[in-house]
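Data block below; observations after.
The values are calculated or read from the model by the stated rules, or taken from the named source; none is laboratory data. As the structure is a prediction and not an experimental result, all values here were calculated from the model. Note that each Cβ is placed from the backbone with ideal geometry, even for glycine, and that neighbours are counted across all protein chains shown. Keep in mind that these areas ignore ligands, DNA and RNA; they rest on the heavy atoms of the full protein, side chains included. Shrake-Rupley method; radii C 1.70, N 1.55, O 1.52, S 1.80 Å.
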Amino acid sequence: LHGDLKEYIYMKPPPGLFPSPTSHVCKLRRSLYGLKQAPRAWFDKFHTTLLQFSFQQSKHDTSLFLRKSVVGIVVLLVYVDDIVITGSDSTLLDQLKTHLSESFHMKDLGSLTYFLGLEVHRSSSGISLNQHKYASDVVATAGLQDATSVDTPMEVNIKLRKEEGD
């Protein structure tokens, strides 16, 4: 998470860097973890890297990036230092992973199973999301594991179609 700094920032050298105490300071070229500018500097670098790879940032959610190709689409969502990448163009997905790994230290954790409290399950009929673990954790935190549960009314069999909505 080291972005490039646009302003001059100096810091005292960490203990042990020099053999004896000194009045020297270090000029930072890249942001360090804990620096106020670090998150913005990293996101600026990440944003620029994606734009160079022809991604477009969503107007509705600045952490969402999209790239359409002749074959399909690739969608990238970033949250702090976690990235979710999905899409229908497998070649473009592989090229994106290569491009990002050339610019950042990253690790591919495989298929998404859990992200921001959402559990992701894949089957032949599609993808389903639930928050069972998150809800269980909230109930446990409140100390209500032994409480009686009640079903909430909800509409069942909702089908989302790409032809509907925006």
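Assorted remarks:
- The lone exception for residue 2 - which of (1) modelled with pLDDT of 75 or more; (2) in contact with a Ser or Thr (Cβ under 9 Å, 6 or more places away or on another chain) it fails: (1)
- Residue 133 being in contact with an Asp or Glu (Cβ under 7 Å, 6 or more places away or on another chain), in contact (Cβ under 8 Å) with a residue 12 or more places away in the chain and open to solvent by less than 80 Å² (accessible area, probe 1.4 Å): no
- For region 91-107, the criterion of being in a loop (DSSP other than H, G, I, E, B) and under 23 Å from residue 72 (Cα atoms) is satisfied by no residue at all.
- Flag if residue 71 is open to solvent by 80 Å² or more (accessible area, probe 1.4 Å), within 22 Å of residue 95 (Cα to Cα) and either at pLDDT 75 or above or not basic (Lys, Arg) (or both): yes
- So residue 124, is it open to solvent by 80 Å² or more (accessible area, probe 1.4 Å) and farther than 25 Å from residue 46 by Cβ: yes
- Residue, farthest from residue 43 (Cα to Cα), within region 72-113, restricted to residues that are touching a helix residue (DSSP H, G or I) at 6+ places or on another chain (Cβ under 7 Å) and without any contact (Cβ under 8 Å) to a residue 24 or more places away in the chain: 87
- The lone exception for residue 129 - which of (1) under 22 Å from residue 49 (Cβ atoms); (2) modelled with pLDDT of 90 or more; (3) not charged (D, E, K, R) it fails: (1)
- Residue 149 within 18 Å of the chain's Cα centre (by Cα) and either at pLDDT 90 or above or surrounded by fewer than 10 Cβ atoms within 10 Å (Cβ to Cβ) (or both): no
- Single match in 82, 44 (criterion: closer than 30 Å to residue 7 by Cα, among the acidic types (Asp, Glu) and surrounded by fewer than 14 Cβ atoms within 10 Å (Cβ to Cβ)): 82
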